[in-house]
Amino acid sequence: MEGIFLEGKYRRLSSQPEPGDLVKKKIKEFTRAVVKDLSNGRSPVISIDRFSSYCTNSDSICCCSSDLPNGREILTLKRENHVHRIDVLLRVLLIVQKLLQENKHGSKRDIYYMHPAVFSDQSVVDRAINDICILLRCSRHNLNVVSVGNGLVMGWLRFSESQKILDCINRPSTAYPIPVHVEEVKDVVSVAQYILVVEKESVFQRLANDQFCSKNRCIVITGRGYPDIPTRRFLRLLIDTLHLPAYCLVDCDPYGFDILSTYRFGSRQMAYDAKNLRVPEIKWLGVFPSDSNKYCIPNQCFLPLTAEDKRKTEAMLHRCYLRREVPQWRLELEAMLQRGVKFEIEALSVRALSFLPEEYIPSQIQGGFYI
(Lines give C-alpha, C1' and ligand atoms only; values in the text may rest on other atoms or scores of the structure.)
Protein backbone atom coordinates (compact mmCIF):
# COMPACT_ATOMS: atom_id res chain seq x y z
CA MET A 1 0.00 0.00 0.00
CA GLU A 2 1.14 3.56 -0.39
CA GLY A 3 0.19 7.05 0.63
CA ILE A 4 1.51 10.10 2.41
CA PHE A 5 2.65 10.38 6.01
CA LEU A 6 0.91 13.26 7.78
CA GLU A 7 1.22 14.24 11.44
CA GLY A 8 2.85 10.92 12.17
CA LYS A 9 -0.13 8.96 10.86
CA TYR A 10 -0.27 6.91 7.69
CA ARG A 11 -3.32 7.66 5.59
CA ARG A 12 -4.38 4.91 3.25
CA LEU A 13 -5.59 5.56 -0.24
CA SER A 14 -8.38 3.45 -1.70
CA SER A 15 -7.23 -0.02 -2.75
CA GLN A 16 -9.24 -0.15 -5.96
CA PRO A 17 -8.69 1.95 -9.11
CA GLU A 18 -11.63 4.33 -9.47
CA PRO A 19 -12.37 6.77 -12.31
CA GLY A 20 -13.96 10.19 -12.35
CA ASP A 21 -15.11 11.86 -9.17
CA LEU A 22 -13.37 9.50 -6.77
CA VAL A 23 -10.00 10.06 -8.48
CA LYS A 24 -10.56 13.81 -8.20
CA LYS A 25 -11.39 13.33 -4.52
CA LYS A 26 -8.13 11.47 -3.95
CA ILE A 27 -6.18 14.25 -5.65
CA LYS A 28 -7.89 16.87 -3.49
CA GLU A 29 -7.15 14.94 -0.30
CA PHE A 30 -3.54 14.44 -1.28
CA THR A 31 -2.86 18.07 -2.21
CA ARG A 32 -4.74 19.35 0.86
CA ALA A 33 -2.55 17.20 3.09
CA VAL A 34 0.62 18.46 1.40
CA VAL A 35 -0.48 22.10 1.74
CA LYS A 36 -1.36 21.57 5.41
CA ASP A 37 2.09 20.20 6.15
CA LEU A 38 3.79 23.05 4.33
CA SER A 39 1.62 25.61 6.12
CA ASN A 40 2.66 24.14 9.47
CA GLY A 41 6.33 24.27 8.55
CA ARG A 42 6.65 20.53 8.08
CA SER A 43 8.00 18.64 5.10
CA PRO A 44 5.46 16.27 3.55
CA VAL A 45 6.70 12.70 3.45
CA ILE A 46 5.41 10.91 0.35
CA SER A 47 5.65 7.13 0.23
CA ILE A 48 5.56 5.52 -3.22
CA ASP A 49 5.47 1.76 -3.69
CA ARG A 50 7.78 0.20 -6.25
CA PHE A 51 6.81 -2.64 -8.59
CA SER A 52 8.72 -4.78 -11.06
CA SER A 53 7.61 -7.11 -13.83
CA TYR A 54 10.82 -9.11 -13.47
CA CYS A 55 14.07 -9.34 -11.55
CA THR A 56 17.44 -10.88 -12.36
CA ASN A 57 18.17 -12.48 -9.01
CA SER A 58 18.44 -16.23 -9.53
CA ASP A 59 19.31 -16.96 -5.89
CA SER A 60 15.97 -16.15 -4.33
CA ILE A 61 12.26 -16.71 -4.84
CA CYS A 62 10.82 -13.51 -6.24
CA CYS A 63 7.28 -12.13 -6.20
CA CYS A 64 7.46 -10.24 -9.50
CA SER A 65 4.39 -12.03 -10.88
CA SER A 66 2.25 -11.36 -7.79
CA ASP A 67 1.33 -7.71 -8.54
CA LEU A 68 2.60 -6.86 -5.06
CA PRO A 69 5.09 -4.05 -4.45
CA ASN A 70 8.67 -5.13 -3.93
CA GLY A 71 9.91 -1.94 -2.31
CA ARG A 72 9.05 1.59 -1.30
CA GLU A 73 10.53 5.00 -2.03
CA ILE A 74 10.18 7.92 0.36
CA LEU A 75 10.18 11.49 -0.99
CA THR A 76 10.77 14.42 1.35
CA LEU A 77 11.72 18.07 1.01
CA LYS A 78 14.44 17.45 3.59
CA ARG A 79 16.47 15.77 0.84
CA GLU A 80 17.73 18.25 -1.71
CA ASN A 81 17.57 15.82 -4.62
CA HIS A 82 13.84 15.22 -3.92
CA VAL A 83 12.77 18.88 -4.04
CA HIS A 84 12.56 19.12 -7.83
CA ARG A 85 10.88 15.75 -8.10
CA ILE A 86 8.14 16.72 -5.63
CA ASP A 87 7.72 20.03 -7.46
CA VAL A 88 7.23 18.17 -10.75
CA LEU A 89 4.83 15.66 -9.18
CA LEU A 90 2.61 18.41 -7.76
CA ARG A 91 2.62 20.39 -11.01
CA VAL A 92 1.62 17.32 -13.02
CA LEU A 93 -1.01 16.44 -10.42
CA LEU A 94 -2.61 19.87 -10.78
CA ILE A 95 -2.66 19.49 -14.58
CA VAL A 96 -4.31 16.09 -14.21
CA GLN A 97 -6.85 17.55 -11.80
CA LYS A 98 -7.76 20.22 -14.36
CA LEU A 99 -8.12 17.60 -17.12
CA LEU A 100 -10.53 15.64 -14.93
CA GLN A 101 -12.50 18.70 -13.84
CA GLU A 102 -12.94 19.86 -17.45
CA ASN A 103 -13.48 16.30 -18.74
CA LYS A 104 -10.67 16.71 -21.24
CA HIS A 105 -7.84 14.42 -22.29
CA GLY A 106 -4.18 15.18 -22.85
CA SER A 107 -1.04 13.34 -23.82
CA LYS A 108 2.19 13.12 -21.86
CA ARG A 109 3.68 15.43 -24.47
CA ASP A 110 0.92 17.99 -23.88
CA ILE A 111 1.75 17.97 -20.18
CA TYR A 112 5.47 18.39 -20.84
CA TYR A 113 4.93 21.54 -22.89
CA MET A 114 2.94 23.20 -20.11
CA HIS A 115 6.15 23.66 -18.06
CA PRO A 116 9.10 22.72 -20.33
CA ALA A 117 11.60 24.84 -18.41
CA VAL A 118 10.70 23.08 -15.15
CA PHE A 119 10.30 19.57 -16.52
CA SER A 120 13.42 19.78 -18.74
CA ASP A 121 12.83 16.34 -20.27
CA GLN A 122 9.87 14.14 -21.23
CA SER A 123 11.13 11.31 -19.03
CA VAL A 124 10.65 13.56 -15.97
CA VAL A 125 6.95 13.90 -16.78
CA ASP A 126 6.63 10.18 -17.53
CA ARG A 127 8.05 9.32 -14.13
CA ALA A 128 5.72 11.75 -12.36
CA ILE A 129 2.67 10.28 -14.12
CA ASN A 130 3.69 6.78 -13.07
CA ASP A 131 4.23 7.97 -9.48
CA ILE A 132 0.77 9.57 -9.46
CA CYS A 133 -0.84 6.36 -10.74
CA ILE A 134 0.84 4.42 -7.95
CA LEU A 135 -0.14 6.96 -5.30
CA LEU A 136 -3.77 7.01 -6.43
CA ARG A 137 -3.87 3.31 -7.28
CA CYS A 138 -5.25 3.82 -10.73
CA SER A 139 -4.37 3.33 -14.38
CA ARG A 140 -3.09 6.12 -16.58
CA HIS A 141 -6.36 6.47 -18.49
CA ASN A 142 -8.13 7.19 -15.18
CA LEU A 143 -6.12 10.43 -15.12
CA ASN A 144 -7.36 11.36 -18.61
CA VAL A 145 -3.76 11.04 -19.81
CA VAL A 146 -3.84 9.21 -23.12
CA SER A 147 -1.29 7.76 -25.51
CA VAL A 148 -1.23 8.39 -29.22
CA GLY A 149 -2.64 5.20 -30.73
CA ASN A 150 -0.38 3.26 -33.10
CA GLY A 151 -2.09 -0.12 -33.14
CA LEU A 152 -4.11 -1.61 -35.98
CA VAL A 153 -6.74 -4.37 -36.02
CA MET A 154 -8.55 -6.35 -38.70
CA GLY A 155 -10.62 -9.50 -38.86
CA TRP A 156 -13.86 -11.02 -37.62
CA LEU A 157 -14.73 -8.42 -35.04
CA ARG A 158 -17.44 -5.87 -34.33
CA PHE A 159 -17.60 -3.41 -31.43
CA SER A 160 -18.93 0.00 -30.48
CA GLU A 161 -16.94 2.97 -29.24
CA SER A 162 -18.57 6.21 -28.07
CA GLN A 163 -21.85 5.30 -29.82
CA LYS A 164 -19.94 4.57 -33.03
CA ILE A 165 -19.99 1.02 -34.43
CA LEU A 166 -16.81 -0.40 -35.98
CA ASP A 167 -17.75 -3.41 -38.09
CA CYS A 168 -14.59 -5.18 -39.20
CA ILE A 169 -16.57 -8.32 -40.09
CA ASN A 170 -17.97 -6.83 -43.30
CA ARG A 171 -14.40 -6.16 -44.50
CA PRO A 172 -12.21 -8.55 -42.47
CA SER A 173 -9.00 -7.75 -44.35
CA THR A 174 -9.30 -3.97 -43.90
CA ALA A 175 -7.18 -2.31 -41.20
CA TYR A 176 -8.80 -0.15 -38.54
CA PRO A 177 -7.02 1.91 -35.85
CA ILE A 178 -7.23 0.49 -32.36
CA PRO A 179 -9.30 2.83 -30.15
CA VAL A 180 -7.34 5.14 -27.86
CA HIS A 181 -10.11 5.19 -25.24
CA VAL A 182 -10.40 1.43 -24.71
CA GLU A 183 -12.66 1.94 -21.68
CA GLU A 184 -15.33 3.19 -24.10
CA VAL A 185 -15.29 -0.02 -26.17
CA LYS A 186 -18.54 -1.95 -25.70
CA ASP A 187 -20.64 -4.70 -27.32
CA VAL A 188 -17.69 -6.75 -28.58
CA VAL A 189 -18.86 -9.49 -30.97
CA SER A 190 -16.73 -11.97 -32.90
CA VAL A 191 -16.88 -15.31 -34.69
CA ALA A 192 -13.08 -15.59 -34.80
CA GLN A 193 -11.29 -18.75 -33.76
CA TYR A 194 -8.10 -17.08 -32.55
CA ILE A 195 -6.22 -13.79 -32.24
CA LEU A 196 -2.91 -13.29 -34.02
CA VAL A 197 -0.57 -10.51 -32.88
CA VAL A 198 2.19 -9.57 -35.33
CA GLU A 199 5.16 -7.42 -34.44
CA LYS A 200 5.38 -5.23 -37.53
CA GLU A 201 3.08 -3.25 -39.76
CA SER A 202 4.81 -4.64 -42.85
CA VAL A 203 3.76 -8.18 -41.91
CA PHE A 204 0.28 -6.96 -40.97
CA GLN A 205 -0.07 -5.38 -44.43
CA ARG A 206 1.26 -8.54 -46.06
CA LEU A 207 -1.53 -10.51 -44.39
CA ALA A 208 -4.09 -7.86 -45.35
CA ASN A 209 -3.00 -7.93 -49.00
CA ASP A 210 -3.27 -11.72 -49.04
CA GLN A 211 -6.80 -11.54 -47.57
CA PHE A 212 -5.59 -13.63 -44.64
CA CYS A 213 -8.57 -12.81 -42.41
CA SER A 214 -11.04 -13.49 -45.23
CA LYS A 215 -9.60 -17.01 -45.55
CA ASN A 216 -9.08 -17.61 -41.81
CA ARG A 217 -11.60 -16.89 -39.05
CA CYS A 218 -9.32 -14.75 -36.90
CA ILE A 219 -8.50 -11.28 -35.58
CA VAL A 220 -5.09 -9.79 -36.41
CA ILE A 221 -3.48 -7.03 -34.33
CA THR A 222 -0.22 -5.15 -34.63
CA GLY A 223 1.30 -2.62 -32.26
CA ARG A 224 3.72 -1.56 -35.02
CA GLY A 225 6.75 -2.43 -32.92
CA TYR A 226 6.70 -2.07 -29.16
CA PRO A 227 2.97 -1.95 -28.32
CA ASP A 228 1.49 1.19 -26.83
CA ILE A 229 -0.94 1.17 -23.91
CA PRO A 230 -4.17 1.23 -26.00
CA THR A 231 -2.98 -1.78 -28.04
CA ARG A 232 -2.17 -3.78 -24.93
CA ARG A 233 -5.41 -2.78 -23.19
CA PHE A 234 -7.44 -3.60 -26.31
CA LEU A 235 -5.83 -7.04 -26.59
CA ARG A 236 -6.49 -7.64 -22.88
CA LEU A 237 -10.13 -6.64 -23.40
CA LEU A 238 -10.56 -9.03 -26.35
CA ILE A 239 -9.05 -11.92 -24.41
CA ASP A 240 -11.26 -11.27 -21.39
CA THR A 241 -14.40 -10.82 -23.50
CA LEU A 242 -14.00 -13.43 -26.24
CA HIS A 243 -11.88 -16.06 -24.45
CA LEU A 244 -9.94 -16.84 -27.63
CA PRO A 245 -6.43 -18.30 -27.91
CA ALA A 246 -3.82 -15.68 -28.81
CA TYR A 247 -0.57 -16.14 -30.71
CA CYS A 248 2.31 -13.76 -31.32
CA LEU A 249 4.55 -13.64 -34.39
CA VAL A 250 7.80 -11.67 -34.07
CA ASP A 251 11.19 -11.38 -35.73
CA CYS A 252 13.88 -13.79 -34.62
CA ASP A 253 15.99 -11.12 -32.96
CA PRO A 254 16.38 -9.66 -29.44
CA TYR A 255 13.91 -6.84 -30.07
CA GLY A 256 11.24 -9.19 -31.41
CA PHE A 257 11.65 -11.32 -28.29
CA ASP A 258 11.42 -8.27 -26.05
CA ILE A 259 8.21 -7.19 -27.80
CA LEU A 260 6.77 -10.68 -27.31
CA SER A 261 7.71 -10.48 -23.61
CA THR A 262 6.04 -7.07 -23.29
CA TYR A 263 2.75 -8.52 -24.51
CA ARG A 264 2.91 -11.50 -22.17
CA PHE A 265 4.54 -10.09 -19.03
CA GLY A 266 4.15 -6.32 -19.34
CA SER A 267 6.77 -3.60 -19.34
CA ARG A 268 9.01 -2.78 -16.41
CA GLN A 269 8.11 0.92 -16.50
CA MET A 270 4.41 0.19 -15.97
CA ALA A 271 4.74 -2.88 -13.76
CA TYR A 272 2.34 -1.27 -11.26
CA ASP A 273 -0.49 -1.71 -13.81
CA ALA A 274 0.66 -5.02 -15.27
CA LYS A 275 -2.56 -6.88 -14.42
CA ASN A 276 -4.45 -4.62 -16.85
CA LEU A 277 -1.82 -4.64 -19.59
CA ARG A 278 -0.22 -8.07 -19.80
CA VAL A 279 -1.62 -11.10 -21.61
CA PRO A 280 -0.21 -14.24 -19.92
CA GLU A 281 -2.34 -16.41 -22.23
CA ILE A 282 -0.43 -15.43 -25.38
CA LYS A 283 1.72 -18.06 -27.08
CA TRP A 284 4.88 -17.57 -29.14
CA LEU A 285 4.04 -18.71 -32.67
CA GLY A 286 7.39 -17.88 -34.24
CA VAL A 287 9.66 -17.21 -35.85
CA PHE A 288 12.10 -19.46 -34.01
CA PRO A 289 15.86 -19.92 -34.47
CA SER A 290 15.18 -23.53 -35.48
CA ASP A 291 12.98 -22.32 -38.37
CA SER A 292 16.13 -21.40 -40.29
CA ASN A 293 17.03 -25.09 -40.65
CA LYS A 294 13.48 -26.39 -40.76
CA TYR A 295 12.59 -24.21 -43.76
CA CYS A 296 16.07 -24.09 -45.37
CA ILE A 297 16.46 -20.33 -45.11
CA PRO A 298 19.65 -19.35 -46.99
CA ASN A 299 22.53 -17.60 -45.26
CA GLN A 300 21.89 -14.43 -47.26
CA CYS A 301 18.76 -13.89 -45.17
CA PHE A 302 20.70 -13.81 -41.90
CA LEU A 303 22.28 -10.85 -40.16
CA PRO A 304 24.98 -11.24 -37.49
CA LEU A 305 24.01 -10.29 -33.96
CA THR A 306 25.62 -6.97 -33.10
CA ALA A 307 27.45 -6.36 -29.83
CA GLU A 308 24.34 -4.52 -28.59
CA ASP A 309 22.14 -7.47 -29.67
CA LYS A 310 24.32 -9.84 -27.68
CA ARG A 311 24.29 -7.62 -24.59
CA LYS A 312 20.51 -7.30 -24.76
CA THR A 313 20.04 -11.06 -25.23
CA GLU A 314 22.36 -11.93 -22.34
CA ALA A 315 20.50 -9.49 -20.09
CA MET A 316 17.11 -10.95 -21.07
CA LEU A 317 18.31 -14.48 -20.28
CA HIS A 318 18.53 -13.45 -16.61
CA ARG A 319 14.88 -12.38 -16.36
CA CYS A 320 13.12 -14.38 -13.67
CA TYR A 321 10.00 -15.18 -15.67
CA LEU A 322 12.03 -17.10 -18.27
CA ARG A 323 13.15 -19.55 -15.58
CA ARG A 324 9.84 -19.58 -13.74
CA GLU A 325 7.16 -19.59 -16.43
CA VAL A 326 8.54 -20.09 -19.95
CA PRO A 327 11.79 -22.08 -19.82
CA GLN A 328 11.29 -23.08 -23.47
CA TRP A 329 11.48 -19.41 -24.45
CA ARG A 330 14.81 -19.27 -22.67
CA LEU A 331 16.10 -22.24 -24.66
CA GLU A 332 15.15 -20.53 -27.92
CA LEU A 333 16.85 -17.32 -26.82
CA GLU A 334 19.99 -19.26 -25.93
CA ALA A 335 19.89 -20.93 -29.35
CA MET A 336 19.76 -17.55 -31.08
CA LEU A 337 22.73 -16.32 -29.04
CA GLN A 338 24.73 -19.48 -29.79
CA ARG A 339 24.04 -19.23 -33.53
CA GLY A 340 25.02 -15.58 -33.49
CA VAL A 341 22.54 -14.60 -36.20
CA LYS A 342 19.08 -13.06 -36.49
CA PHE A 343 16.45 -12.93 -39.23
CA GLU A 344 13.11 -11.30 -39.93
CA ILE A 345 9.68 -12.84 -40.36
CA GLU A 346 9.84 -11.87 -44.05
CA ALA A 347 12.78 -14.22 -44.55
CA LEU A 348 10.20 -17.02 -44.81
CA SER A 349 9.12 -15.46 -48.12
CA VAL A 350 12.26 -16.94 -49.68
CA ARG A 351 10.21 -20.12 -50.09
CA ALA A 352 7.26 -18.31 -51.68
CA LEU A 353 5.57 -14.96 -51.25
CA SER A 354 2.44 -16.73 -50.00
CA PHE A 355 4.33 -19.10 -47.69
CA LEU A 356 3.76 -17.08 -44.51
CA PRO A 357 -0.05 -16.66 -44.74
CA GLU A 358 -0.90 -19.91 -46.53
CA GLU A 359 1.48 -22.41 -44.96
CA TYR A 360 3.58 -21.19 -42.03
CA ILE A 361 0.92 -19.57 -39.81
CA PRO A 362 -1.81 -22.21 -40.38
CA SER A 363 0.59 -25.12 -39.90
CA GLN A 364 2.10 -23.61 -36.74
CA ILE A 365 -1.33 -23.21 -35.17
CA GLN A 366 -2.88 -26.46 -36.37
CA GLY A 367 0.23 -28.47 -35.54
CA GLY A 368 0.61 -26.93 -32.11
CA PHE A 369 4.08 -25.63 -32.96
CA TYR A 370 3.94 -22.76 -30.47
CA ILE A 371 5.27 -22.28 -26.96
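Looking for something of a type in the set (Ser, Thr, Tyr), buried (at least 16 other Cβ atoms within 10 Å of the Cβ) and touching a Pro at 6+ places or on another chain (Cβ under 8 Å) - is there at least one such residue anywhere in segment 156-175?
The answer is no, given that none of the residues of segment 156-175 is of a type in the set (Ser, Thr, Tyr), buried (at least 16 other Cβ atoms within 10 Å of the Cβ) and touching a Pro at 6+ places or on another chain (Cβ under 8 Å).
Restricting segment 313-359 to residues that are small (Gly, Ala, Ser) and in a loop (DSSP other than H, G, I, E, B), which is nearest to Cys213 (Cα to Cα)?
Within segment 313-359, the match that is nearest to Cys213 (Cα to Cα) is Ser354.
Determine whether Ile46 is closer than 26 Å to Pro177 by Cα and crowded, with 19+ Cβ neighbours inside 10 Å.
Criteria not met by Ile46.
Quick one: which of Ile282, Ile229 is within 22 Å of Asp67 (Cβ to Cβ) and in contact with a strand residue (DSSP E or B) (Cβ under 7 Å, 6 or more places away or on another chain)?
Ile282
Return yes when Lys275 is at pLDDT 95 or above and either of a type in the set (Lys, Arg) or more than 19 Å from Leu260 (Cα to Cα) (or both) and no when it is not.
No, not satisfied.
Could you identify the single residue in Ser292, Ser261 that is among the small types (Gly, Ala, Ser) and over 17 Å from the mean Cα position of the chain (by Cα)?
Ser292
With Glu184, Glu199 as the choices, which residue is over 28 Å from Leu353 (Cα atoms) and under 20 Å from the mean Cα position of the chain (by Cα)?
Glu184
Go through segment 63-113 and report how many residues are closer than 27 Å to Gly266 by Cα, assigned to a loop (DSSP other than H, G, I, E, B) and of a type in the set (A, V, I, L, M).
1
The values are calculated or read from the model by the stated rules, or taken from the named source; none is laboratory data. The model shown is predicted, which means the values in this text are computed figures rather than measured ones. No Cβ is skipped: glycine too gets one built from the backbone with ideal geometry, and neighbour counts run over all protein chains shown.
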